[in-house]
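The values are calculated or read from the model by the stated rules, or taken from the named source; none is laboratory data. Every value quoted in this text rests on a predicted model; they were computed, and no experiment measured them. For neighbour counting, all protein chains shown are included, and Cβ atoms are generated from backbone atoms with ideal geometry for every residue, glycine included.
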Amino acid sequence: MSMTASYKTEIIIPKPQLAQLRGNIKGVPCMEIMRLAFEKIAREKEGTLTQGYGDCGGKQHDCLMGLRTKRLPRGIGINVASDGRVLFEFDRQNSDVSEAGSICRDIARAYAIIAIMRVQSQHGYEVSVQQETATVEGRTAVISAVRA
């Protein structure tokens, strides 16, 4: 039996972008940043981007974006709740739950870093990642922002 698990994030799509999301995610800035975060974590974990995740019964569940890794072969996906909150979803039955949690945290962290760097850049700062370190809890980054 499949047991879908959801991880809530602090990422909330603003209402104007949420209205756009119902039609086409490619033109929504928050989802562009999310795509970049997914791509970054896919590279780091040697994973594959997908359109959703699978369950233990072999059924595919469509999502806005998904990611599969060697340690989480059925994958994890994201959807957006009606209030704009981003939710990670996967089938926890016979899955590496710690890997799923790690992926969720890494994607949320990458999303925050990319979003902060974009905002700083839009406000006239030269932005760069000074240091990125892998720890047991995940990756941390030190960002430099200098007024251009």
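Scoring ASP55 on the criteria (1) in contact (Cβ under 8 Å) with a residue 12 or more places away in the chain; (2) under 27 Å from THR140 (Cα atoms); (3) out of contact with any Gly (no Cβ under 8 Å at 6 or more places or on another chain) leaves a single failure, condition (2).
Please determine whether any residue of region 98-117 is touching a residue at least 24 places away in the same chain (Cβ under 8 Å), under 15 Å from ARG35 (Cβ atoms), hydroxyl-bearing (Ser, Thr, Tyr) and not in a loop (DSSP other than H, G, I, E, B). There is at least one residue in region 98-117 that is touching a residue at least 24 places away in the same chain (Cβ under 8 Å), under 15 Å from ARG35 (Cβ atoms), hydroxyl-bearing (Ser, Thr, Tyr) and not in a loop (DSSP other than H, G, I, E, B).
If you take the residues in region 26-54 that are aliphatic (A, V, I, L, M) and surrounded by fewer than 18 Cβ atoms within 10 Å (Cβ to Cβ), which one is nearest to the chain's Cα centre (by Cα)? Across region 26-54, the extreme among qualifying residues is LEU36.
Is one or more of the residues making up region 123-135 outside any helix (DSSP H, G or I), within 16 Å of ILE41 (Cβ to Cβ) and in contact (Cβ under 8 Å) with a residue 12 or more places away in the chain?
Just the residues of region 123-135 that are outside any helix (DSSP H, G or I), to begin with: 123-135.
Right, trim to within 16 Å of ILE41 (Cβ to Cβ) and you get 129, 132-135.
After this cut, where a residue has to be in contact (Cβ under 8 Å) with a residue 12 or more places away in the chain as well, the list is 129.
Yes, that holds for at least one residue.
Give me a count of the residues in region 55-88 that are out of contact with any Pro (no Cβ under 8 Å at 6 or more places or on another chain) and either buried (at least 18 other Cβ atoms within 10 Å of the Cβ) or under 15 Å from MET34 (Cβ atoms) (or both). Before you say what the answer is, go through the steps one by one.
Step one: of region 55-88, the residues out of contact with any Pro (no Cβ under 8 Å at 6 or more places or on another chain) are 55-83, 85-88.
Those left that are additionally either buried (at least 18 other Cβ atoms within 10 Å of the Cβ) or under 15 Å from MET34 (Cβ atoms) (or both): 55, 61, 63-69, 72, 74-81, 85-88.
The qualifying residues number 22.
Taking region 39-72 as the range and being of a type in the set (A, V, I, L, M, F, W, C), at pLDDT below 95 and assigned to a strand (DSSP E or B) as the test, the residues that pass are CYS63, LEU64, MET65. Once region 76-87 is narrowed to residues that are free of Cβ contacts under 8 Å to residues at least 40 places away in the same chain and touching a helix residue (DSSP H, G or I) at 6+ places or on another chain (Cβ under 9 Å), the residue that is farthest from ILE114 (Cα to Cα) is SER82.
What about THR140, is it under 24 Å from ILE13 (Cα atoms), outside any helix (DSSP H, G or I) and β-branched (Val, Ile, Thr)?
Considered against the rule, which asks whether it is under 24 Å from ILE13 (Cα atoms), outside any helix (DSSP H, G or I) and β-branched (Val, Ile, Thr), THR140 comes out as yes.
For region 73-97, filtered to residues that are hydrophobic (A, V, I, L, M, F, W, C) and not in a helix (DSSP H, G or I), the residue that is nearest to ILE41 (Cα to Cα) is ILE76.
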